[in-house]
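A.B. asks: Pasting in a structure now, in structure tokens, and then I'll have a few things to ask.
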Amino acid sequence: MLYTSTRDKSVKVTSAQAIAQGISKDGGLFVPETIPAISKQFVDSLVGLDYISRAKKVLALYLTDYTEEEIDMCVSGAYAKGKFSSDKVSPIKTIAEGKNILELWRGPTCAFKDMALQLLPYLLTTAAKKTVADKTIVILVATSGDTGKAALEGFKDVDGTKIMVFYPNDGVSPMQKLQMTTQAGENVAVCAINGNFDDAQSGVKKIFTDKEVAAKLDEKGMMFSSANSINWGRLVPQIVYYISAYCDLIENGTIKNGDEVNVVVPTGNFGNILAAYYAKKMGIPFGKLICASNANNVLTDFLKTGTYDRNRKFFTTTSPSMDILISSNLERLLYHLTDESAETVSKWMTELNTQGKYTVCDKVKALVTELFDAGCCDDKETAQTIADTYKNGYLLDTHTAVAVKVYDEYVKATGDKKETIIASTANPYKFSAAVLGAVAEVPEDADEFRQVELLRETTGEECPEQLATLKGKSPRFTDCCNKEDMINKVYDMLGI
Ligand SMILES: *Cc1c(COP(=O)(O)O)cnc(C)c1O
């Protein structure tokens with residue numbers, strides 16, 4: 001199977017090239033030329049298998065230039081026993097009739113990004129061996145919180161790689177900051193910058209595209225690559241857990257193979273829900289894909305009207321990982337829905353760049369309406385949903401609460417009570433302040449760890465050890481630099 005670019009159909013690369021390169025030279029995203037089909041029998045053959053075995057079978061359909069041994073090595077390393085706090089890796093829990101919560105946050109950093117970022121380093125280093133032998137891969141990340149830590153954990157001490165993460169000094173939660181600044185590993189570095197997330201992001205992009213810097217790295221046998229969510233190597237691991245969740249529902253008797261199931265996803269960059277779309281296209285009988293947003297509801301409007309318009313106020317919410325106005329992965333969906341018209345996609349993306357908006361044609365609008373439903377809710381409704389769901393015995397994080405609220409509204413509006421998979425994207429302790437505020441009074445002087453304690457006392461839920469043990473740890477990385485000095489920090493870290 002080959003991969004092409006959403007903006008230039010003449011591009012043809014292997015999956016290893018797509019993963020090593022990250023993004024196509026024309027600015028487009030890599031997409032599979034055809035989406036592999038799976039049969040009911042294939043699904044039957046996965047039921048009863050563990051997560052690693054299921055992942056091997058699904059990934060083999062997409063990574064056809066990786067050998068069986070390579071895929072085996074990648075997957076067995078990423079999801080090895082003990083890395084995730086559940087033997088099922090991503091367990092599914094029924095919390096009410098039809099409501100099946102897919103816990104995607106059992107990994108080392110307690111957010112769903114681990115599902116992909118534990119596997120990406122293996123896929124990337126294997127790809128590098130095939131395509132750019134012997135080079136050291138240098139990963140640069142600009143983060144607003146969750147991605148940075150998950151990437152650090154994924155790449156720490158991975159041979160042949162180095163990773164450096166930049167975060168805005170005043171733009172991440174205290175827990176997120178401590179998670180990053182205490183990071184272990186010989187090949188890692190973390191640096192704060194004076195500025196906001198956009199400054200960090202544009203600084204990293206500038207380094208990435210600087211020809212002089214690239215030449216200097218090349219001379220030393222190094223090259224940059226990217227771990228952000230437009231890399232195909234981050235999307236393909238996510239398809240696995242939707243297929244695996246469908247198998248788990250068969251296994252535990254909730255459905256029969258062939259029954260239709262709806263899917264709800266709290267969405268930011270459109271990566272997670274797009275993976276559900278791929279699973280559906282492959283043949284998993286998913287019904288509606290329900291896209292849940294917070295007050296930054298640019299996707300709700302798009303999926304309902306066909307106009308994507310980022311010219312709007314940006315809100316800082318209690319579900320910060322979804323505070324986003326440009327959902328990059330939507331480009332991949334548009335490519336598939338336009339019958340693979342790179343010209344049309346390029347045109348819309350240019351309009352997005354120049355005018356901040358575009359409107360899709362009627363045909364694509366109709367397809368979108370058939371595939372998706374969408375809704376949004378504000379922080380108050382999010383808190384109310386956490387409180388209500390907690391009364392019924394399950395503690396949600398803020399992002400998952402947005403999904404549950406949007407799902408409840410969907411059922412009210414449509415009466416569609418099919419079994420539903422709700423993607424749960426973070427452990428509640430990652431967002432202790434907001435979650436605690438939803439279920440109890442928060443004393444004004446309570447710092448992050450006091451909030452953790454209070455949340456534990458109030459709910460009796462255990463705080464994941466990797467968050468609890470951050471208390472009192474001294475930061476290992478205390479550097480803070482101006483945007484202009486980022487490149488020097490990179491050179492320092494690489495010793496060049
Ligand atoms: C990144 C993230 C999301 C959004 O996922 P996308 O793939 O960007 O749509 C939702 N919830 C949490 C907790 C996240 O970290």
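A.B. asks: How would you rank 196-209, 391-404, 358-371, highest first, on the average number of other Cβ atoms within 10 Å across their residues?
C.D. replies: Ranking the peptides 196-209, 391-404, 358-371 by packing returns 391-404, 196-209, 358-371.
A.B. asks: So, by mean Cβ neighbours within 10 angstrom, what's the order for 241-250, 104-113 with the highest one leading?
C.D. replies: The densest-packed peptide leads the list: 104-113, 241-250.
A.B. asks: With a ≥ b ≥ c taken as the square roots of the eigenvalues of the C-alpha gyration tensor of segment 1-111, please select rounded if a/c is under 1.5 and otherwise prolate if a/b is larger than b/c or oblate if it is not?
C.D. replies: It comes out prolate by the Cα gyration axes.
A.B. asks: On to the next question. Ignoring everything except DSSP H segments at least 4 long, calculate the 222 nm mean residue ellipticity for the chain; use -39,500 (n - 2.57) per segment, divide by total residues, nearest 500.
C.D. replies: Rounded to the nearest 500, it is -13500 deg cm²/dmol.
A.B. asks: What distance in nm separates the simple spin-label points at L2 and S39, each placed 7 Å from Cα in the Cβ direction?
C.D. replies: Distance between label points: 2.8 nm.
A.B. asks: Quick one: pull the percent of accessible area on segment 349-496 belonging to carbon and sulfur, 1.4 Å probe, ligands and nucleic acids left out.
C.D. replies: The C+S portion of the solvent-accessible surface of segment 349-496 is 46 percent.
A.B. asks: Amide H of C376: which non-local residues (sequence gap of 5 or more, or other chain) have their own amide H closer than 5 Å, using H built in the peptide plane?
C.D. replies: For C376, whose amide H was placed from the backbone, the distant partners under 5 Å are S293.
A.B. asks: Specify whether the C-alpha gyration tensor of segment 408-496 places it in the rounded, prolate or oblate class, a ≥ b ≥ c being the square roots of the eigenvalues: rounded for a/c under 1.5, otherwise prolate if a/b is larger than b/c and oblate if not.
C.D. replies: Since a/c reaches 1.5 but b/c is at least a/b, the shape of segment 408-496 is classed as oblate.
A.B. asks: Check the straight Cα-Cα distances from K216 and name the aspartates and glutamates below 19 Å, setting aside those fewer than 8 residues away within the same chain.
C.D. replies: D134, E484, D485, D492
A.B. asks: To continue, here is another question. Which length gain, in nm to one decimal place, applies between K211 and V47 when the Cα-Cα distance is subtracted from 0.36 nm times their residue separation?
C.D. replies: 54.1 nm
A.B. asks: On to the next question. What full-extension length gain, to one decimal in nm, is calculated for T94 and E484 as 0.36 nm per residue of separation minus the Cα-Cα distance?
C.D. replies: 135.4 nm
A.B. asks: If you take the beta carbon distance between M73 and Y491 as r and set R0 to 51 Å, what does 1/(1 + (r/R0)^6) give as a FRET efficiency, to the nearest 0.05?
C.D. replies: With R0 = 51 Å, the Cβ-Cβ based efficiency is 0.95.
A.B. asks: Next up: Where in segment 298-333 does the amide nitrogen come within less than 15 Å of the point 7 Å from the Cα of D362, taken along Cα to Cβ?
C.D. replies: Hits in segment 298-333 for D362 at 15 Å: 306.
A.B. asks: Ignoring solvent entirely, what values of log10 I(q)/I(0) come out of the Debye formula for the chain at 0.09, 0.12, 0.14 Å⁻¹ when each Cα is a single scatterer?
C.D. replies: Each listed q corresponds, in turn, to -0.59, -1.13, -1.63.
A.B. asks: Okay, next question. Would you mind estimating how fast segment 277-409 diffuses translationally, via Stokes-Einstein at 20 °C and 1.002 mPa s with the Kirkwood radius over Cα pairs, in µm²/s?
C.D. replies: Answer, rounded: 134 µm²/s.
A.B. asks: For segment 150-155, in order, what is each residue's ³J(HN,Hα) by Karplus, 6.51 cos²θ - 1.76 cosθ + 1.60 with θ = phi - 60°, in whole Hz (x at glycine and Pro)?
C.D. replies: 5, 5, 4, 5, x, 9
A.B. asks: Going 7 Å from the Cα of N194 along its beta-carbon direction, which residues of segment 149-175 have the amide nitrogen within less than 14 Å of the resulting point?
C.D. replies: Within reach of a label on N194, which here means backbone N under 14 Å from a point 7 Å along Cα→Cβ, segment 149-175 contributes 169-170.
The values are calculated or read from the model by the stated rules, or taken from the named source; none is laboratory data. Remember, it's a predicted structure, so these values are computed and weren't measured experimentally. Glycine also receives a Cβ, built like all others from the backbone with ideal geometry; neighbour counts cover every protein chain displayed. All accessible areas refer to the heavy atoms of the entire protein, side chains included, with ligands and DNA or RNA removed. Shrake-Rupley method; radii C 1.70, N 1.55, O 1.52, S 1.80 Å.
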